[in-house]
1. Being more than 12 Å from the ligand (Cβ to nearest atom), over 20 Å from Asn85 (Cβ atoms) and in contact (Cβ under 8 Å) with a residue 40 or more places away in the chain is the filter here, so list the residues in region 33-65 that pass it.
2. In this structure, does Glu108 turn out to be at pLDDT 95 or above, within 21 Å of Arg21 (Cα to Cα) and more than 9 Å from the ligand (Cβ to nearest atom)?
3. List the number of the failed condition for Ala124; all other conditions in (1) in contact (Cβ under 8 Å) with a residue 24 or more places away in the chain; (2) within 13 Å of Val9 (Cβ to Cβ) hold.
4. Restricting the search to region 89-108, which residues are basic (Lys, Arg) and open to solvent by less than 20 Å² (accessible area, probe 1.4 Å)?
5. Could you please let me know if Ser68 is free of Cβ contacts under 8 Å to residues at least 60 places away in the same chain, open to solvent by 70 Å² or more (accessible area, probe 1.4 Å), within 17 Å of Asp12 (Cα to Cα) and assigned to a loop (DSSP other than H, G, I, E, B)?
6. Within region 52-61, is even one residue under 15 Å from the mean Cα position of the chain (by Cα) and under 18 Å from Lys10 (Cα atoms)?
7. Which of the numbered conditions does Ala114 fail, given that it passes all the others? Conditions: (1) open to solvent by 40 Å² or more (accessible area, probe 1.4 Å); (2) under 25 Å from Val45 (Cβ atoms); (3) not charged (D, E, K, R).
8. Return a yes/no flag: does region 14-32 have any residue that is within 24 Å of Val137 (Cα to Cα), within 12 Å of the ligand (Cβ to nearest atom) and in contact with a helix residue (DSSP H, G or I) (Cβ under 8 Å, 6 or more places away or on another chain).
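The values are calculated or read from the model by the stated rules, or taken from the named source; none is laboratory data. Keep in mind that what you see is a predicted model, and the values were worked out from it rather than measured. Here the Cβ positions follow ideal geometry from the backbone for every residue, glycine too, while neighbour counts run over all protein chains shown. For the accessible areas, the whole protein counts, side chains as well, though only heavy atoms, and no ligand, DNA or RNA atoms are used. Shrake-Rupley method; radii C 1.70, N 1.55, O 1.52, S 1.80 Å.
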Amino acid sequence: AVQRTLSIVKPDAVGKNVIGRIYSRFEDNGLRVVAAKMLHLSEDVAGGFYAEHRERPFFADLVGFMTSGPVMVQVLEGEDAIAKNRELMGATNPKEADAGTIRADFAESIDANAVHGSDSESSAAREIAYFFASSEVFSRA
Ligand code: CMP
């Protein structure tokens, strides 16, 4: 089924000037950017986005990293977009990511891991609504 998923190009990848190379991975693999904005997240916005991780030991470092510089936030649309995007990203820890994935090619560490992608339909719906009004999403479907 055609799905939408929320994707973030994180501060490490924006800093390395590889937004376009990451977007090409999406476009070359059947995903379409149907919404996008560059933002410098505040602690409140980053903390709210990652609210499910609030009790995890890495939460403070995660919020610190995600607020360290601008990010690109986008909605990707396509057939099985949620799983497809996770396949393109590779494992959360770049050291475990398969060769040829975005994290294997562009990421350094589990915090500076280049990209985020929604992990389920329910988180995709929540995460898209967190950053975009429906009038800001230009669906092709
Ligand atoms: P992301 O997909 O954005 O979701 C939560 C982020 O927390 C994750 O990518 C990692 O960058 C970061 N993180 C740091 N440590 C861990 C960990 N031990 N397990 C999972 N995620 C972690």
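1. Selection gives Gly48 alone.
2. No, not satisfied.
3. (2)
4. Within region 89-108, Arg103 is the sole residue that qualifies.
5. The answer is yes for Ser68.
6. Narrowing region 52-61 to residues under 15 Å from the mean Cα position of the chain (by Cα): none.
There is no residue in region 52-61 that is under 15 Å from the mean Cα position of the chain (by Cα) and under 18 Å from Lys10 (Cα atoms).
7. All conditions pass for Ala114, except number (1).
8. no
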